[in-house]
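Q: Could you have a look at this structure, given as structure tokens, before my questions?
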Amino acid sequence: MTEPIRSQLIAVEVNGERHERDVEARRLLVHFLRDDLDLTGTHVGCDTGNCGACTVLVDGVAIKSCMMLAVQADGSSIQTVEGLAPDGELHPLQQAFTSFHALQCGYCTPGMLMSAKHLLDHNPEPTEAEIRRAIQGNICRCTGYVNIVEAIAAAAKGGGA
Amino acid sequence: MSETTVTPDRPITVEETETAPGFIGVNVPRKEDRRLVQGEGVFVDDVKRHGMAYVHFVRSPYAHAAITRIDVSKAVALEGVYGTLLGEEVAAETDPFFQIAPPPAGELKDYALAVGKVRHVGEPVVAVAAATRELARDAADLVEVDYEPLEAVVDTEHAADPGVAQLHDEAPSNTIWQGNFDYGDYDAALAEADKVVRIKRLHFHRFSSTPLETSGAVVEYNRGTGQWTIHSNNQFPGFAIIMMGPALKVGMDKLRFVSQDIGGGFGNKICTHVQLVALCLLARKLKRAVNWTEWRTDQHTANSHGNERVFLDVEVPVRSDGTMLGFKARMIDDCGAFTRYEPLGCIIWAQVTPGVYRWRNVRVDFSQVCTNKSPCGPNRGYSRMQHLWFTERVIDIVAEQLGLDPVEIRKRNYIRADEMPYETPNGCVYDSGDYARCLDDALKLIDYGSIETRRRDAESRGKLLGVGIGSTLDSGTNNFGQSTIVNPELQFSGNNEVATVKLDIFGEIVVTLGTTPQGQSHETTAAQVVADLLQVEPDDVTVRAGHDSYWNSHAGFSGTYASQFAVTGLGAVKGATEMLREEILKIGAAVLGAESTEEVELGGGFVKRKDNPEAALPFMACGAIVNANNAVLPLELRDITLNCRYVYVPPHQLPDTERKYGNLTLTYANQIHACVVEVDPETGVYDIVDYGAVDDCGIRINPQIVEGQVQGATAQSIGAATHETFVYDEDGNLLTPNFYDYHVPHALDMPPMKTSSVESASPFTPLGAKGMGEGGGAGLSAVAAALQNALQGAGRPIVTSSSNPYHRVWELLQNPDESRSLVSVDER
């Protein structure tokens, strides 16, 4: 009898950089990003897929990286919060989050930014209701969302600064 | 009955505010944000060490059981498992944690792992360390533990009844603490009353702020020096060290606490000393660094919960005009299975004994019980929130019973602005505030004048509209001397916080704080204060991120908790900066040939002669001279270091433990919230359709940051009022152990929120500021009051619980008389 395969070689592009790694079949994408690639900007806040702190873009789609296995991401292109300001110049969303005081502890912020980016990539002029719907999968325990919603709306209008 | 005056022999320290107009009071952008929006913060699970082990705890599936056998052999046989830690090892190598309670409850034994018995579901029994997170879980599954289940004690009200199972063999009952609080002359007030309103039972439910980052640590042990470095998100290292040093039998210098960014705390990260001791033992035993990152389900099941409390046999003497003379009640607080910070909650409520009201006669029988539920610990608004919810329920129930207007009865009973500073019946001195003005402002925010029109509009749509008010206090900079009221043997009093400010060799201004911020923007507000005092820009000031107890910026009570940074933390920053300013002026005067420091001043990063601004010495030169060229200085200036440390100590005094009397905190910020709900009478489903929050925390250093705290705290209390609850079944199983079952507010759940502020400067603090951030509890009261108001047209049920999810409202609608039967009025 042959042993079941426990690991697999995967190739992914993360923030424009290609990585090949042998990963355990059960390794979550979020732990692959955090522990194997040392991209610790993507956070873990729950164990049930509710909090959205681990949100990243996989081939342009916002997903919770704790709900996806690393092997499922094989061949994909991933964007994390570390890829938002590659040259050190803040993305309009990042600028708006700081201008509108949309973060306190900053733990939900990376996931919140990636959900917001996904929204604006597909809907450049969202209404407040659309913004709230887009981030309803991202829990923030500090802000009550007031300033987050304002920041996303401002970034959409090009008023991040 | 006593008069409402401040005791004349009580010294009150009024400090002058010396800082010139500048950056204080301005919305300076946060210094913390640049790293956090780029994912470049360092939270505890981001810390990595070579060969680090991952720790997973084997936890109890029973609420109450004897442990009869533990076998870890299969787990340690698994490849990649580094080792385990058992309760028997913990009992052999450590002393039980120091107890705040007096005997007999103070005799109970609390260790880092269960020893012989488990007392709540989720209690750690065995720790397993392995090469990966996944492997640690696999190995934990292979640990065999046999239990003999015991009767689970889950009912707060009856936990101390005769015949109920005992949690702790060393304590003779499940009562942890009991005390009688008697202020004014309650019997005389009762005799004088025209009416007496009685409430049989009110219940404040169990929930917690559930910070998005769970607890965790990376612990290293240096075998050569016997010193542990604890990278953690513990938010009160001062307390953790006081607990851990004796348990591990080491001095505090062997326990180095380090943190940078912390993903929310809200008090829930104060009591992690228990897990940290297990990690210290593992790091020493395994000779490698260990990482523990708590799973969300573990955080809900076995970390700090907010205290649950029942209020029984409440009695409120009232005059016909609505003047309330005080209250009497029996209160039972439920601290869960262990007393980790408790029974301090048994006195902390007394910081706000009469709430915001001129109630002079109070008689409370307060006790605390332990039950087979997760241990409680401080949770945003700790112990005062429960009590203030009680005072607000009392006022709205009295208003309802006597047919009085909720706004008018509040204004009749509020402490008035012209009575400040106001001494409460138990000796607390409310520093400043104008509650009636804040109420008017809150009512404006929700356009109170249009309520009757909106009520009719709601009715036309088949909905019931209601308005509610919540009036609360956020007492801050506590006097640890209050601990002696629960246990006169304790040797704690006062408070302190420390900061260092230095001007270094290249002219850089560097600030270190003793605090452990979790989103409270300390780097930013500290820079604002320093910038004003040294006449530079906040960008010129580096505030070190995080906390390190080896930085010499650690005082006994260092940490971030209990609404105090604007007072203690910034008080320390101000003190240290003033020392540094004086030293810079001395160097400048000497180098510029001035007769004294009176002839020079600071500006733009220079020391300048007042009579000739061209004669100026840059800060860089000051730093370079003192640090690297000091032979040029006259001998009498060689003691200048440009590295100044200041410990802020508030003007607290020892309380009178016999009378349970004294000023228990330094500042009393206040919040008045107003809430409008629309209820569907068919289903009990309701929406918060309008919400206004007014906050008065004295001088605001950075208004945007204060408003952020107000919004966040309000969201937490709305979440707690509407959905969040830790529900246990009769066997002690937690039914809401993660964010799937424990619903916290999402962006779509939040009502439109309006905020405004009033600034009543504190006369007692260095900057006129008050501690703030915990004031959101007003939302719990406002929602309860709004629901009761809305249901006036549906059988007039009385809201008796702080937890009001839709099904609870439906129950009130179905059987209003059940709740009404808990309330009565005696006419005299």
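Q: Could you go through segment B:650-658 and let me know if any residue there is without any contact (Cβ under 8 Å) to a residue 24 or more places away in the chain, assigned by TED's automatic domain parsing to the domain that holds B:Tyr357 and surrounded by fewer than 18 Cβ atoms within 10 Å (Cβ to Cβ).
A: Within segment B:650-658 (the criterion being without any contact (Cβ under 8 Å) to a residue 24 or more places away in the chain, assigned by TED's automatic domain parsing to the domain that holds B:Tyr357 and surrounded by fewer than 18 Cβ atoms within 10 Å (Cβ to Cβ)), the answer is yes, since at least one residue qualifies.
Q: Given the structure, is B:Gly777 in contact with a Gly (Cβ under 9 Å, 6 or more places away or on another chain), among the small types (Gly, Ala, Ser), under 28 Å from B:Asn303 (Cα atoms) and away from chain A (no Cβ under 14 Å)?
A: The answer is yes for B:Gly777.
Q: Only one residue in A:Ile139, A:Ile78 is assigned by TED's automatic domain parsing to the domain that holds A:Gly45, under 18 Å from the mean Cα position of the chain (by Cα) and crowded, with 19+ Cβ neighbours inside 10 Å, so which one is that?
A: On inspection, the qualifying residue turns out to be A:Ile78.
Q: Now, a different point. May I ask you to list the residues in segment B:572-600 that are within 23 Å of B:Gln528 (Cα to Cα) and touching a residue at least 40 places away in the same chain (Cβ under 8 Å)?
A: Scanning segment B:572-600 gives B:Ala572, B:Val573, B:Lys574, B:Gly575, B:Ala576, B:Thr577, B:Glu578, B:Met579, B:Leu580, B:Arg581, B:Glu583, B:Ile584.
Q: Restricting the search to segment B:248-292, which residues are more than 24 Å from B:Gln520 (Cβ to Cβ) and part of a loop (DSSP other than H, G, I, E, B)?
A: Hits for segment B:248-292 are B:Lys249, B:Val250, B:Gly251, B:Lys287, B:Arg288, B:Ala289.
Q: Could you list, in sequence order, all residues of segment B:195-247 that are of a type in the set (Val, Ile, Thr) and either part of a helix (DSSP H, G or I) or without any contact (Cβ under 8 Å) to a residue 40 or more places away in the chain (or both)?
A: Of everything in segment B:195-247, those that are of a type in the set (Val, Ile, Thr) and either part of a helix (DSSP H, G or I) or without any contact (Cβ under 8 Å) to a residue 40 or more places away in the chain (or both) turn out to be B:Thr225, B:Thr229, B:Ile241, B:Ile242.
Q: Go through segment B:317-337 and report how many residues are outside any loop (DSSP other than H, G, I, E, B) and either on the phi > 0 side of the Ramachandran plot or more than 29 Å from the chain's Cα centre (by Cα) (or both).
A: 4
Q: Within segment B:208-223, track down each residue that is away from every other protein chain (no Cβ under 12 Å) and of a type outside the set (Gly, Ala, Ser).
A: B:Val218, B:Val219, B:Glu220, B:Tyr221, B:Asn222, B:Arg223, listed by residue number.
Q: Kindly establish whether B:Asp187 is among the charged types (D, E, K, R) and within 14 Å of another protein chain (Cβ to nearest Cβ). Even if it seems obvious, please write down each step before you answer.
A: Details: among the charged types (D, E, K, R): yes; within 14 Å of another protein chain (Cβ to nearest Cβ): no.
No.
Q: Moving to a separate point now. Kindly check whether there is at least one residue in segment B:695-704 that is within 14 Å of chain A (Cβ to nearest Cβ), under 21 Å from the mean Cα position of the chain (by Cα), surrounded by fewer than 21 Cβ atoms within 10 Å (Cβ to Cβ) and outside any strand (DSSP E or B).
A: yes
Q: Could you run through segment B:397-454 and say how many residues are more than 26 Å from the chain's Cα centre (by Cα) and of a type in the set (Phe, Trp, Tyr)?
A: Matching residues across segment B:397-454 total 1.
Q: Could you check how many residues of segment B:791-809 are of a type outside the set (D, E, K, R) and over 28 Å from A:Arg141 (Cβ atoms)?
A: 7
Q: Outside any loop (DSSP other than H, G, I, E, B), closer than 30 Å to A:Cys54 by Cα, in contact (Cβ under 8 Å) with a residue 60 or more places away in the chain and over 27 Å from the mean Cα position of the chain (by Cα): is that true of B:Val145 in this structure? Outline the logic, then answer.
A: Values: outside any loop (DSSP other than H, G, I, E, B): yes; closer than 30 Å to A:Cys54 by Cα: no; in contact (Cβ under 8 Å) with a residue 60 or more places away in the chain: yes; over 27 Å from the mean Cα position of the chain (by Cα): yes.
In short, no.
Q: Which of the residues that make up segment A:93-128 are crowded, with 24+ Cβ neighbours inside 10 Å and in contact with a Gly (Cβ under 6 Å, 6 or more places away or on another chain)?
A: A:Ala96, A:His101, A:Gln104, A:Cys105, A:Gly106, A:Tyr107, A:Pro110, A:Gly111 - these are the residues of segment A:93-128 that are crowded, with 24+ Cβ neighbours inside 10 Å and in contact with a Gly (Cβ under 6 Å, 6 or more places away or on another chain).
Q: Quick one: count up the residues across segment A:22-49 that are basic (Lys, Arg) and either touching a Pro at 6+ places or on another chain (Cβ under 9 Å) or touching a residue at least 24 places away in the same chain (Cβ under 8 Å) (or both).
A: Within segment A:22-49, the first condition is being basic (Lys, Arg), and the residues that meet it are A:26-27, A:34.
Those still in the list that are either touching a Pro at 6+ places or on another chain (Cβ under 9 Å) or touching a residue at least 24 places away in the same chain (Cβ under 8 Å) (or both) too: A:26-27.
So the count comes out to 2.
Q: Select from segment A:118-131 the residues that are free of Cβ contacts under 8 Å to residues at least 12 places away in the same chain and part of a helix (DSSP H, G or I) and write down the one among them that is nearest to the other protein chains (Cβ to nearest Cβ).
A: A:Ala129
Q: Still on this structure, I have one more. It is to be established whether one or more residues within segment B:98-106 are in contact with a helix residue (DSSP H, G or I) (Cβ under 6 Å, 6 or more places away or on another chain) and closer than 29 Å to B:Ser483 by Cα. Before you say what the answer is, go through the steps one by one.
A: At the first step, the residues of segment B:98-106 found to be in contact with a helix residue (DSSP H, G or I) (Cβ under 6 Å, 6 or more places away or on another chain) are B:98-99.
From what is left, the residues that are closer than 29 Å to B:Ser483 by Cα are B:98-99.
Checking segment B:98-106: at least one residue is in contact with a helix residue (DSSP H, G or I) (Cβ under 6 Å, 6 or more places away or on another chain) and closer than 29 Å to B:Ser483 by Cα.
Q: Taking B:Tyr742 as meeting all but one of (1) of a type outside the set (A, V, I, L, M); (2) closer than 17 Å to B:Met385 by Cβ; (3) within 13 Å of chain A (Cβ to nearest Cβ), write down the number of the exception.
A: Of (1) of a type outside the set (A, V, I, L, M); (2) closer than 17 Å to B:Met385 by Cβ; (3) within 13 Å of chain A (Cβ to nearest Cβ), only one is false for B:Tyr742: (2).
Q: While we're on this one: Being loosely packed, with under 14 Cβ neighbours inside 10 Å and either of a type in the set (Val, Ile, Thr) or assigned to a loop (DSSP other than H, G, I, E, B) (or both) is the filter here; which residues of segment B:601-628 pass it?
A: Result: B:Gly604, B:Lys610, B:Asp611.
Q: Output the helices (runs of 4 or more DSSP H) that fall wholly within segment B:710-828 and possess 1 or more residues being surrounded by fewer than 19 Cβ atoms within 10 Å (Cβ to Cβ), or say none.
A: Qualifying helices (runs of 4 or more DSSP H): B:806-814, B:816-820.
Q: So, one more: Return the total of residues in segment B:119-142 being under 28 Å from the mean Cα position of the chain (by Cα) and not in a loop (DSSP other than H, G, I, E, B).
A: Going through segment B:119-142 one residue at a time, the tally reaches 1.
Q: Is there any pair linking a residue in segment A:69-89 that is free of Cβ contacts under 8 Å to residues at least 24 places away in the same chain to one that is surrounded by 15 or more Cβ atoms within 10 Å (Cβ to Cβ) and β-branched (Val, Ile, Thr), with Cβ under 9 Å and at least six apart or on different chains, and which?
A: A:Ala85/B:Val37
Q: Would you say B:Gly684 is at pLDDT 95 or above and over 25 Å from A:Asn138 (Cα atoms)?
A: Criteria met by B:Gly684.
The values are calculated or read from the model by the stated rules, or taken from the named source; none is laboratory data. Keep in mind that this is a model prediction, so the values were computed, not measured. Neighbour counts run over all protein chains shown; Cβ positions are idealised from the backbone, glycine included.
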